[in-house]
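The values are calculated or read from the model by the stated rules, or taken from the named source; none is laboratory data. Fair warning: this is a prediction, and the values are worked out from it, not measured in the lab. Note that we place each Cβ from the backbone using ideal geometry, even for glycine, and neighbour counts take in every protein chain shown. These accessible areas exclude ligands, DNA and RNA; they are computed on the full protein's heavy atoms, side chains included. Shrake-Rupley method; radii C 1.70, N 1.55, O 1.52, S 1.80 Å.
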Amino acid sequence: MPKRTDIHKIMIIGSGPIVIGQACEFDYSGTQACKALRDEGYEVVLVNSNPATIMTDPELAEQTYVEPLTVEYLREIIEKERPDALLSTVGGQTGLNASLALADAGILEKFGVEMIGANRDAINKAEDRQQFKAAMTKIGLDTPKSLLVTDLEAGLEFSDEIGYPTILRPSFTLGGSGGGIAYNREEMVELLRIALEISPVHEVLVEESVLGWKEYEMEVLRDVADNCIIICSIENFDPMGVHTGDSITVAPAQTLTDREYQFMRDASLACLREIGVDTGGSNVQFAIDPKTGRQIIIEMNPRVSRSSALASKATGFPIAKIAAKLAVGMRLDEIANDITKKTPACFEPSIDYVVVKVPKWQFEKFPGAEPVLGIQMKSIGEVMAIGSTFKHALWKAIRSLETGRKPGTDVFDPDLVRSRLITPTPERLSYLRYALAQGMTVEEAHDLTKIDPWFLEQLREAIDFQGTLGDDTLETVSDENLRQAKRYGFSDDRLSRLWGVTEAAVREKRKEAGINAVYKRVDTCAAEFESFTPYLYSVYEDECEAEPTERKKVMILGSGPNRIGQGIEFDYCCCHASYALQEMDYESIMVNCNPETVSTDYDTADRLYFEPLTLENVLNIVETEKPDGVIVQFGGQTPLNLSLPLKANGVPIVGTDPESIDLAEDRDRFGRLMEQLDIPQPPGGMATSVEGALEVAQDLGYPVLVRPSYVLGGRAMVICYSAAMIESYMREAVAYSSQDRPILIDRYLENATEVDVDALCDGEDVLIAGIMEHIEEAGIHSGDSSCVLPAMTIGEEQLQTIRDYTVKAAKALNVVGLMNVQYAISADGKVYVIEVNPRASRTVPYVSKATGFPVAKIAVQLMMGRKLADMPELPKGILVPHKVCVKSPVFPFNKFPGVDPILGPEMRSTGEVMGVGETFGEAFSKAQLSAGNPLPDDGALFMSIGAEQKDEAVEIAKKFAAMGFELFGTRGTAERMRAAGLDAKVVFKVNEGRPNVVDLIKDGKVSLIINTPAGASAFEDERAIRRAAAAQVIPCISMLTAGRAAADGIAAKRDQAIQVMSLQELHQG
Amino acid sequence: MSFAALLALEDGRVFRGRGVGTPAERAGEVVFNTGLTGYQEIFSDPSYTGQIVVLTYPQIGNYGVNDEDRESLKPCLEGLVVREFSPIASNRRSQQPADEYLSEAGVPIIDGIDTRALVRHLREHGAMRGVISSLDLDPDSLIQKARTIPNMAGRDLASAVSTKERYEWTDPVPASSPSEHITTAEEKFHVVAYDFGIKHNILRQLRGIGARTTVVPAGTSAADVLSLKPDGVFVSNGPGDPEPLQAQAKNIQGVIGRVPVFGICLGHQVLALASGAKTFKLKFGHHGCNHPVRNELTGKVEITSQNHGFAVDPDSLPSAEIELTHINLNDQTLEGFRSRKDPMFCVQYHPEAAPGPHDSAYLFQEFRELMEGQR
Ligand SMILES: Nc1ncnc2c1ncn2[C@@H]1O[C@H](COP(=O)(O)OP(=O)(O)O)[C@@H](O)[C@H]1O
Ligand SMILES: Nc1ncnc2c1ncn2[C@@H]1O[C@H](COP(=O)(O)OP(=O)(O)O)[C@@H](O)[C@H]1O
Ligand SMILES: [Mg+2]
Ligand SMILES: [Mg+2]
């Protein structure tokens, strides 16, 4: 069937902010869908609240809405745009749920919008665990025993019957939120309560445990003519019980005979057909009992997923792109295979390599969270590696993780080995290696971990071989063993430590022996047909297929795995670097190892190297490609840390010189530079010892802010109010400070307004892209505070100072490309510079969307030698947004129960949203809504404010009173409000007696909380309040500035109907 | 324990690797298979007689071998080339390590090879003769040996591998898991199968549609076959070049029109010869589990299991009597045809799978329906 001609305009709903369980992979799928549909001549209307995505680039759709993904707003957009169809399957769980909500609300019907991809019934059948079970039983597929319960009693009764442990899974939640394993009745009571609460429909499936079974996933695709194909099978290294998102996974399946595999394939197709996904991709999960071979189906996702992104990168088959074409009625046999050109997309990819995905966790950022892996996803990001064998791919993947730990330097506690193997944690693999090295047998390791012996044997082989190498030295090692080591995936770095020589020495020896990395192609067909797409990975085999061209070329170093502080924003910049280079007729070469991203789509750059971002791997690529330039300033800290060594190896870095980058990161030299430019910095110093630190702090005066140097996202950064805090910090911090660099100590500026500035510089002229005013005060990490463009309350004088400082700094650092500066304006109006990052920042995409100028692209043009003066299309001096754009962060606290959701100088947010409005209030309330903490229209406000801010507090209280809010306050605060003639009720603090503020919150009597920190003494109280608020999903504000913003937001909400505006309209001005 | 081994090709290209299992030397036509699963079925498929098989999937031997997954009594290939052979077998169904299984049959295994480079070489220059050895490590002498073995073109290997005695088959397809439900119809038909190197899963599938099968030697005459009173006749897959099988084709001509006839792979080629058509050698053949084939009658695409080095020239088929039914979407080659007047149909690929997808199992049902129709 040719594509449908009865529909013209198609709406796509994105997945919103990056959260655990829903990251860049949906930017990848959404972007592919937009491109594919437009290639077929359809108009696309895109909605996504996340400005950091490529899919929200105005070029990718006719109309792009960065608006809240709620029924009200989507309805507004539908009414305005009148799309013919809604593609529900490329926006993750969020897009799927939103589509379903629109259908349920009768809006799609009302405006005659057809849901394509998966229809309402199919979605319900797949997502509602009970309907799903029924459907599977109908077609004779085995499922775990289970019961859907809506109350505690029923749940307890059933689990007593099937016996513990039991699995709890709330309906309609993402990444298993609120799920858990109850090992006994007591745990059951606790977990089931939470689960019932978290499920939007208050339903929980209580299920037979199949912990320790082998876990598999199948990526399936189906077209209107009912042609079905499997794109990829995935086997989990970690057995059932660890969420696939938290499991090391391997493609394709390794330990299944053909009969077993084909049975799983048959089951997947039967499932797809029964659920009734008419077109597109789905993901089906299975568990197999290794002893009996019993195979049960766990779930199916009727949409593209994290795994389908992985499968696309693993096979070279672009699932989302094809799924979009299938959704408009095209057939698999009508679509060509991009890579082979000659053959159709209707086939099952065959691969001649092994792919390993390893998750990246960041429990260290959430003190109080237990670093244990279970059925609910906890990882923040992931890496993928392609290798000639499992061993090769596994070690490559481990290297890609950038743990900061040197290979082989981990310390293990022998007494913990057994428990570390039994209970899955991020450390399990390290402990496995240790245990096997200590002589634990594969059988024993299997008994403890239930990991398939085949995988364990692979580890053992590598470890044994390492032993053999250990007996050698760099001089004595045979070429054969050296080659074997590289084939096994040992890095030069690892070998150098083994032999106590430098990495360079190992590299040299390798080259003398002619042992070099060669590159193979990912071609979907195991070389059966010629590949026309340079999608490459390194191996230590004989033949190289890289075939570098003679064109002028520039290499872009990506940002590696998502982590807090370094995520999709940097991938956005890298993609734009590629687009810009292509526009300038340079060949673009992308290097990255994050399978979720758009940058690792073989369509994004001319050539893609799916490789770890380590010195060794990057140098190997450089030697093969001989690029004219390498871009290091777009991938966050990862490539920056490589810039000096790369330069030392004679690699041509384009843009700002690595020396300047280093200067900006180097406290001393940077400090001196700022002095010369007389740009004030918060007084500060450095220390490498506890004594030193205490001294520095003494001189500065408390509170001080301490942190290790060379970190992104304020990692391990704390505000110390006392010598005691410094001492305890120094003890841990030393462990953090990765490159054994010193600890930095600054005077902490209290009640200061923080400002983020992004600027472009060509070495001579400077163009300020945006001056962003933070809503939260300095002290809350720039990535964690809401901010607004243009600045709202900053005086012209300060703005002028900021512009001057920015220009001075940019020129002094000889910035060519992008620069980000953070300032703090102290209470007395003095402007301090907090830090200068001569690189693309987290805010680049937001600024670009707000101003309508592709800042990252412009930066690349500058790096390639163009001058701002030669760009008449650009305004002089500064870019101005046409409307008000507020960016708000999104936090993962709901994934880490027990963690205090307090904000500080260490970044904790995983994602961001943008709200666009005529006024600050409108923009702010939209942003809050998108971020998942909608402001109340009315109800009661609870306030507890420190002494020095009480007057200000009263002013804010008045605004709320005027809007008819009931007022509550702790004694002091309430009295001040009363004194000002406001009717405010006094509430006990937690330690004053009952009923206290927490009771009030739990009773749902409060709809908004403003509670500024009152120092160490009140800390416990405040924590209790934050916890209660989080549980009740009540916005809890810790800063007056944010409180004022909330007042404006609520006012705006109350007296104006919701308005939507596309970026295209916004940029028209 | 591992030892040096070489793979030498007739065009002079030599690959160095490690030997696995028992040292040995064997020669054959080097072909590659792109399947991700099912190495045991490949080892034991008689159609690989006379061939050295390169597996593109790098990790082989992971799940061992077992009795249920055998496609014939013993390994049939001449040699195996892989990237990495597993030191252990990990699967509850495994009964023996895969290398042991091959070594017992004297089949050499060479691993540590850049199989992708080798496959690209074969793709460019076509399937060619080669030798695997860990006994003779002199490249030149091996290259010479490779050049001395007979070419695949023109070779009748089918008669050689065919059973000497007729035998009965009644085993059904086994379930691979207690959760798998495989339906086996009650025994209702008698099928006579011409054995050119028949795969056991074809016989199991025939049992699945309710047929007891009598397997007869390749040379059996039409009269002898008909005297067995079959409800249907099956013409099997097998190794080698179909061209020399003119006599066998004649025999089969004698049964077409008398009883329903179904052919697979070499059987498809022989039925083509019987219809007066020509066959030709493909550059490197089709060996894998992912080839898309469109059923021209329904328009639906099947993902098929394939293993053939020769193909039927569709233009040489008499279009008056013959209707083309299946086309390969990768290279447009002929994958199946049927007679317009007689109950006869056949496919070039492997609906019995093993290894491979089950998309085409319906063809056995169609055979059953034909037999029912003739009742
Ligand atoms: N019955 C079970 N017993 C043990 N572990 C299970 C069971 N069901 C699911 N799991 C584990 O929980 C994880 C999440 O379950 P899944 O159904 O995939 O939910 P999600 O929608 O979060 O992907 C799975 O990857 C698996 O490891
Ligand atoms: N001297 C200071 N006074 C007050 N707040 C500060 C000071 N220095 C840093 N901060 C806060 O800490 C946050 C992180 O500091 P920053 O230097 O930007 O580290 P990063 O490199 O992680 O962005 C800043 O966004 C700011 O809110
Ligand atoms: Mg899942
Ligand atoms: Mg910062």
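Whole-percent P(r), the stretch A:846-927, all Cα pairs, 5 Å bins from 0: 3, 12, 15, 15, 13, 14, 12, 8, 4, 2, 1, 0. Taking a sphere under 11 Å around the Cβ of residue B:55 and counting the other residues whose Cβ falls inside, with K and R at +1 and D and E at -1, yields a net charge of -2. Set the Förster distance to 45 Å, then compute FRET efficiency between residue B:375 and residue A:131 from the Cβ-Cβ distance, nearest 0.05. The calculated FRET efficiency here is 0.55. Interface B-A: total buried accessible area of about 5200 Å², 1.4 Å probe, protein heavy atoms only. The alpha-carbon atoms of the stretch A:203-355 define a convex hull whose volume equals 119 cubic angstrom per residue. When exposed loop sites are taken as trypsin sites (Lys or Arg not before Pro) in a DSSP loop with at most 13 other Cβ atoms within 10 Å, the longest stretch of chain A clear of them is A:1-290.
Per the Kirkwood formula applied to alpha carbons, the stretch B:132-218 shows a radius of gyration over Rh ratio, Rg over Rh, of 1.24.
Note down the net charge around residue A:84, summing +1 for each Lys or Arg and -1 for each Asp or Glu among other residues with Cβ under 12 Å from its Cβ. My count for the surroundings of residue A:84 gives -1. Computed from phi, the 3J(HN,Hα) profile of the stretch B:331-346 under the Karplus parametrisation 6.51, -1.76, 1.60 (θ = phi - 60°) reads 10, 6, 6, 6, 10, x, 8, 9, 7, 6, 10, 9, x, 9, 8, 7 Hz, with x in place of Gly and Pro. Placing unit charges on the Cβ atoms only, positive for Lys and Arg and negative for Asp and Glu, gives the stretch A:296-368 a dipole magnitude near 260 debye about its Cα centre. With one equal scatterer per alpha carbon and no solvent term, the Debye-computed log10 I(q)/I(0) for the stretch A:379-452 at 0.23, 0.24 1/Å reads -1.22, -1.26. Peptide A:339-349 has a mean shielding of 4, counted as Cβ atoms of other protein chains within 10 Å of each residue's Cβ. Here the dipole of the protein assembly as shown is about 1080 debye; that uses its Cα centre as origin and unit charges on the Cβ of Lys and Arg (positive) and Asp and Glu (negative).
In this calculation the C-beta distance from residue A:438 to residue A:1058 is compared with R0 = 51 Å, giving a FRET efficiency of 0.20.
In this rough spin-label picture, where each label sits 7 Å from Cα along the Cβ direction, the residue B:331-residue A:224 distance is 3.3 nm.
Rounded to two decimals, the Cα-based Rg/Rh of the stretch B:307-375, with Kirkwood Rh, is 0.99.
With Cα atoms defining each centre, the stretch B:157-228 and the stretch A:664-685 are spaced 86 Å apart in the structure. For the stretch A:435-512, the list of GluC sites (Glu not before Pro) that fall in a loop by DSSP and count at most 16 other C-beta atoms within 10 angstrom reads A:475. Pairwise alpha-carbon distances in the stretch B:31-169 exceed 27 Å for 23% of all pairs. The stretch A:146-219 and the stretch A:838-875 have Cα centres lying 50 Å from one another.
Couplings 3J(HN,Hα) of the stretch A:893-906, computed from phi: 4, 4, 7, 10, x, x, 8, 6, x, 8, 9, x, x, 9 Hz, in residue order, whole Hz [Karplus 6.51 cos²θ - 1.76 cosθ + 1.60, θ = phi - 60°; x for Gly and Pro].
Extension gain for residue A:476-residue A:698 works out to 74.4 nm (0.36 nm per residue, less the C-alpha to C-alpha distance). Subtracting the Cα-Cα distance of residue A:751 and residue A:955 from 0.36 nm times their residue separation leaves 71.7 nm of extension gain. Given only helices, namely DSSP H runs of n ≥ 4 each adding -39500 (n - 2.57), what is the per-residue ellipticity at 222 nm of chain A, to the nearest 500 deg cm²/dmol? Theoretical 222 nm ellipticity from helices: -11000 deg cm²/dmol. Rounded, prolate or oblate: which fits the stretch A:461-608 when a ≥ b ≥ c are the square roots of the eigenvalues of the alpha-carbon gyration tensor, with rounded for a/c under 1.5 and prolate only if a/b beats b/c? Cα axes put the stretch A:461-608 in the prolate bin. Let me make sure I get this right: for the stretch A:726-828, a, b and c are the square roots of the gyration tensor eigenvalues over alpha carbons, sorted descending. Under 1.5 in a/c it's rounded, otherwise prolate if a/b > b/c, else oblate. Which is it? Taking the square roots of the gyration eigenvalues as a ≥ b ≥ c, the stretch A:726-828 is oblate.
With the convex hull drawn over the C-alpha atoms of the stretch A:614-711, the volume per residue is 127 Å³. Could you give the length gained by full extension between residue A:975 and residue A:104, i.e. 0.36 nm per residue of separation minus their alpha carbon distance, to one decimal place? 308.7 nm is the gain from fully extending residue A:975 to residue A:104.
Label point of residue A:812 set 7 angstrom out along Cα-Cβ; within the stretch A:672-703, amide nitrogens under 17 Å from it belong to A:672-685.
For residue A:382, the residues whose modelled amide H falls within less than 5 Å of its own, excluding neighbours fewer than 5 places apart on the same chain, are A:360, A:562. Can you give me the pair-distance distribution of the stretch A:915-995, C-alpha pairs, 5 Å bins, whole percents? Calculated P(r), rounded to whole percents: 3, 15, 20, 19, 17, 15, 8, 3, 1, 0. Applying a DSSP loop filter and a limit of 14 other Cβ atoms within 10 Å to the chymotrypsin sites (Phe, Trp or Tyr not before Pro) in the stretch A:115-223 leaves A:183. Rounded to the nearest 0.05, the FRET efficiency derived from the C-beta distance between residue A:666 and residue A:1068 at R0 = 51 Å is 0.70. Return the carbon/sulfur percentage of the accessible area of the stretch A:935-985, one whole number, probe 1.4 Å, all protein chains in place. After summing per-atom areas, the C and S share lands at 47 percent. Once backbone amide H atoms are built at 1.01 Å from N, residue A:232 has A:219 as its partners under 5 Å, excluding neighbours fewer than 5 places away on the same chain. With all pairs of separate Cα atoms included, the stretch A:1-66 yields a Kirkwood hydrodynamic radius of 12.1 Å.
Averaging Cα coordinates gives a centre for the stretch A:886-901 and one for the stretch A:253-295; these two points are 36 Å apart. In order along the stretch B:237-247, the Karplus-derived 3J(HN,Hα) couplings, from 6.51 cos²θ - 1.76 cosθ + 1.60 at θ = phi - 60°, round to 6, x, x, x, 8, x, 3, x, 8, 4, 4 Hz, and Gly and Pro are given as x. Per-residue packing, averaged as other Cβ atoms within 10 Å, sorts the ranges A:588-598, A:678-688 into the order A:588-598, A:678-688, beginning with the highest. The modelled label-to-label distance between residue A:406 and residue A:874, using points 7 Å beyond Cα along the C-beta direction, is 4.2 nm. Modelled spin labels at residue A:184 and residue A:918, positioned 7 Å past Cα toward Cβ, are 6.3 nm from each other. Once Rg and the Kirkwood radius are both taken over the C-alpha atoms of chain B, their ratio Rg/Rh works out to 0.97. Its Cα centre serving as origin, the stretch A:360-517 has a Cβ charge dipole (Lys and Arg +1, Asp and Glu -1) of approximately 560 debye.
For residue A:849, a cut-off of 20 angstrom between C-alpha atoms picks up these lysines, skipping any fewer than 8 places away in its own chain: A:35, A:857, A:876, A:883, A:887, A:926.
Taking one quarter of the surface of the convex hull spanned by the alpha-carbon atoms of the protein assembly as shown gives a direction-averaged projected area of 53.0 nm².
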